[in-house]
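A short write-up of the structure that comes next.
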Amino acid sequence: MEVFILPDEKAIGEAIAARIQKVFEANPKSNLGVATGSSPLSTYKALIDLVNAGKLSFKDAHFFMLDEYVGIDENHPERYRNVIMTEIASQVDVDPENVHGPNGNADDLEKAVQEYDNLIKETGGVDLQILGIGSDGHIAFNEPGGSLVSRTHVGVLTKQTREDNARFFDGDLSKVPTHCVTQGLGTIMDARELCLVATGENKAEAVAQLVEGGISALWPATIMQMHPKAAIFIDEAAASKL
Ligand code: GLP
């Protein structure tokens, strides 16, 4: 696993965007794995700049989201599909029809997650997956203690994650969904390249476990140690426990 310690979020965003540019130079029909949270925002900004400058195009791309809340109102700004549309998809030239995510509002959730896992494979798989990390080491919504080889599944959000995310729901824990649909760790590991972003001191322990800890379901991101092409992009604060 490659580790890049960079001065700030802007440098991190530009470094990951350059990798994505390389992937799309090699094959304009590549598939990009997109993530929510604040971590990928500087990457999205750098990607939007590249597209506006005519140096990158997503017109033949598919975007695959990592996860989604279950039962959230379709128009809620925190619905992950809406977040991805706002932060990246609507600002680049990807066809909105090619922006895919697990459907957290399906009548049959088990069927929906299976279909999503299949869709990723049938579309050729994810070429590069952008990832953030939770302070407890979760990636997507794969919370500590889950399977290290899981496929896309319905999950229960931990109290910690719901409390962390309450800020997006008027600070009201009762408004935070209790369940999610998420790509599993096995699904994420199928991506041909992984780029994880972590900044700030509250990610330092998770980063230390990710880079130097043993592989453990208690720190889900540690499974990335098994990936042949994984890189993490962190700032000094997130690197402070290495
Ligand atoms: C949520 C998302 C994750 C994300 C994490 C960290 O739990 N499901 O994909 O990595 O938040 O978010 P942030 O980047 O805002 O710290």
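Give the long-range amide H neighbours of F141: residues separated by 5 or more places, or on another chain, with amide H under 5 Å away, using H modelled in the peptide plane at 1.01 Å from N.
Distant-sequence amide H within range of F141: Q183.
Rounded to whole Hz and in sequence order, give me ³J(HN,Hα) for segment 187-197 from the Karplus expression 6.51 cos²θ - 1.76 cosθ + 1.60, θ = phi - 60°, writing x for Gly and Pro.
5, 4, 5, 6, 4, 6, 8, 10, 10, 9, 10
Quick test of the membrane-span-like rule: which DSSP H helices of the chain reach at least 20 Å along their long axis (C-alpha atoms) with mean Kyte hydropathy at least -0.5?
Correct list, ordered by number: 9-26.
Starting from the amide H of L196, placed 1.01 Å from N in the peptide plane, find each other amide H under 5 Å away whose residue is 5 or more places distant or on another chain.
L131, A231, I232, F233
Of the cross-linked pairs K29/K55; K203/K241; K29/K59; K22/K55, which ones have a Cα-Cα span greater than 19 Å in the structure shown?
none
With θ set to phi - 60° and the Karplus curve 6.51 cos²θ - 1.76 cosθ + 1.60, what are the ³J(HN,Hα) couplings of segment 144-156 in order, to the nearest whole Hz, using x for Gly and Pro?
Per residue, the Karplus-derived 3J(HN,Hα) values read x, x, x, 6, 7, 10, 5, 9, 4, 8, 8, x, 9 Hz.
Counting other Cβ atoms within 10 Å, keep those with at most 10, restrict to DSSP loop, and tell me which GluC sites (Glu not before Pro) in segment 1-75 are left.
Details: sites: E2, E9, E14, E25, E68, E74; in loops: E74.
Qualifying residues, ordered by number: E74.
With equal scatterers on the alpha carbons only and no solvent term, can you work out the Debye log10 of I(q)/I(0) for the chain at 0.07 1/Å?
-0.20
Taking the Cα centre of the chain as origin, sum charge times position over the Cβ atoms of Lys and Arg (+1) and Asp and Glu (-1), and report the length of that vector in debye to the nearest 20.
Dipole size: approximately 420 debye.
Sort 132-138, 59-65, 104-110 by packing, meaning the average of other beta carbons within 10 Å per residue, with the highest value first.
Working: 132-138: 22.1, 59-65: 20.0, 104-110: 14.3.
My ranking of the peptides, most packed first, is 132-138, 59-65, 104-110.
Convert each backbone phi in segment 57-72 into a coupling constant with the Karplus relation 6.51 cos²θ - 1.76 cosθ + 1.60 (shift: θ = phi - 60°), then list the ³J(HN,Hα) values in order as whole Hz, x for Gly and Pro.
Computed from phi, the couplings for segment 57-72 are 9, 10, 5, 10, 8, 10, 9, 10, 7, 7, 7, 7, 6, 8, x, 8 Hz.
Can you tell me which of M224, M189, M85 moves the most in a GNM of the chain? Springs connect C-alpha atoms under 10 Å apart.
The residue that fluctuates most here is M85.
Under a 5 Å amide H to amide H cut-off, with H placed in plane at 1.01 Å, what residues pair with A237 once short-range neighbours are removed?
G200
No lab work stands behind these numbers, since they all come straight from the coordinates. Just so we're clear, the structure is a prediction, and the values are computed from it rather than from any experiment. Every residue, glycine among them, receives a Cβ derived from its backbone with ideal geometry; neighbour counts consider all protein chains shown.
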